[in-house]
Amino acid sequence: MKHEWRKAEKDWYLPKQPTLLTLPALNFITVTGAGDPNQPDFADHIGALYPVAYDLRMALKRGELGDPYEYTVYPLEGVWTTSDGSRGSSLNKAALQYKIMLRQPDRLTEQDFQAAVERVMGKKTNPYFGDLKWETYAEGQVLQTIHHGPFDEEPTTFAQLQTVLEEKKLKVIPTMGDYWHREIYLTDTRRTAPEKAKTVLRYRVAPIE
């Protein structure tokens, strides 16, 4: 049976309201970058992730890495911060720093990933194939909700999360290093009008002591 993350992990990816949950260790293919995501360089970073993810998906489906296993590729995710501390309405997009990623099934290993990178590099070119990394990360307790609409309007939704943080006596802590928050892109910006976009906004949190 095909694993559909929209059904099997609905609570993780499709929150209907601000939600607290605790996440286990998960595997990701990641690549880091900096600058305005509206510039071509960001698309090149994304373009390095997908060929490797699809190579691994087909290897699992064909039974080349154990029992055949079929699944829907997970949505693109990114963790974000800035080099100058700007955020919200004063955000300087040129100062953005990010790590973008695609989650991978638990049954895959870093060795499987490295082999997939080698296969893909033999067929395709991308300046960031060599920068791809395999990371296992446990985010732990998080607070998340869905933002509907353009990315530039995210501060309004983040303000809603801040209200919940105050009510629950929680604080935001960095995720995957020094990044401020995580975004999960449920819609493809290349095919979806900005006003129809859906993005999970997630904070890693901890109790205020």
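The values are calculated or read from the model by the stated rules, or taken from the named source; none is laboratory data. Bear in mind that the values here come from a model prediction, so they are computed numbers and not experimental data. Virtual Cβ from ideal backbone geometry, glycine too; neighbours counted across all protein chains shown. Side chains included, ligands, DNA and RNA excluded: accessible areas come from the protein's heavy atoms. Shrake-Rupley method; radii C 1.70, N 1.55, O 1.52, S 1.80 Å.
Annotations for the structure displayed:
- Tally, over the range 77-108, of residues that are in contact (Cβ under 8 Å) with a residue 12 or more places away in the chain, open to solvent by less than 60 Å² (accessible area, probe 1.4 Å) and either among the aromatic types (F, W, Y) or in a loop (DSSP other than H, G, I, E, B) (or both): 4
This table checks each residue for (1) at pLDDT below 95; (2) surrounded by fewer than 17 Cβ atoms within 10 Å (Cβ to Cβ).
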site: H147; (1), (2): no, no
site: L161; (1), (2): no, no
site: E167; (1), (2): no, yes
site: L170; (1), (2): no, no
site: Y179; (1), (2): no, no
site: Y185; (1), (2): no, no
site: P194; (1), (2): yes, yes
site: A206; (1), (2): no, yes
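- Candidate set: the range 41-97, residues that are among the hydroxyl-bearing types (S, T, Y) and within 14 Å of the chain's Cα centre (by Cα); chosen: the one farthest from L26 (Cα to Cα): T81
- Considering Y50, Y74, the condition of being aromatic (F, W, Y), in contact with a helix residue (DSSP H, G or I) (Cβ under 9 Å, 6 or more places away or on another chain) and under 29 Å from R6 (Cα atoms) is satisfied by Y74 alone.
- Of the listed requirements (1) open to solvent by 80 Å² or more (accessible area, probe 1.4 Å); (2) closer than 21 Å to L20 by Cβ, L143 misses just one: (1).
- In the range 3-30, the residue that is surrounded by the fewest Cβ atoms within 10 Å (Cβ to Cβ) out of those that are closer than 20 Å to L186 by Cβ and of a type in the set (V, I, T) is T19.
- Residues located in the range 121-139, provided they are exposed (fewer than 11 other Cβ atoms within 10 Å of the Cβ) and outside any loop (DSSP other than H, G, I, E, B): G130, A138
- The single condition from (1) under 29 Å from E154 (Cβ atoms); (2) surrounded by 15 or more Cβ atoms within 10 Å (Cβ to Cβ) that L65 fails is (1).
- Number of residues in the range 28-76 that are in a loop (DSSP other than H, G, I, E, B) and without any contact (Cβ under 8 Å) to a residue 24 or more places away in the chain equals 6.
- In the range 125-144, the count of residues that are without any contact (Cβ under 8 Å) to a residue 40 or more places away in the chain and within 27 Å of N27 (Cα to Cα) is one or more.
- Assessment of the range 52-61 against the conditions (touching a strand residue (DSSP E or B) at 6+ places or on another chain (Cβ under 8 Å) and either open to solvent by 20 Å² or more (accessible area, probe 1.4 Å) or of a type in the set (S, T, N, Q) (or both)) yields at least one matching residue.
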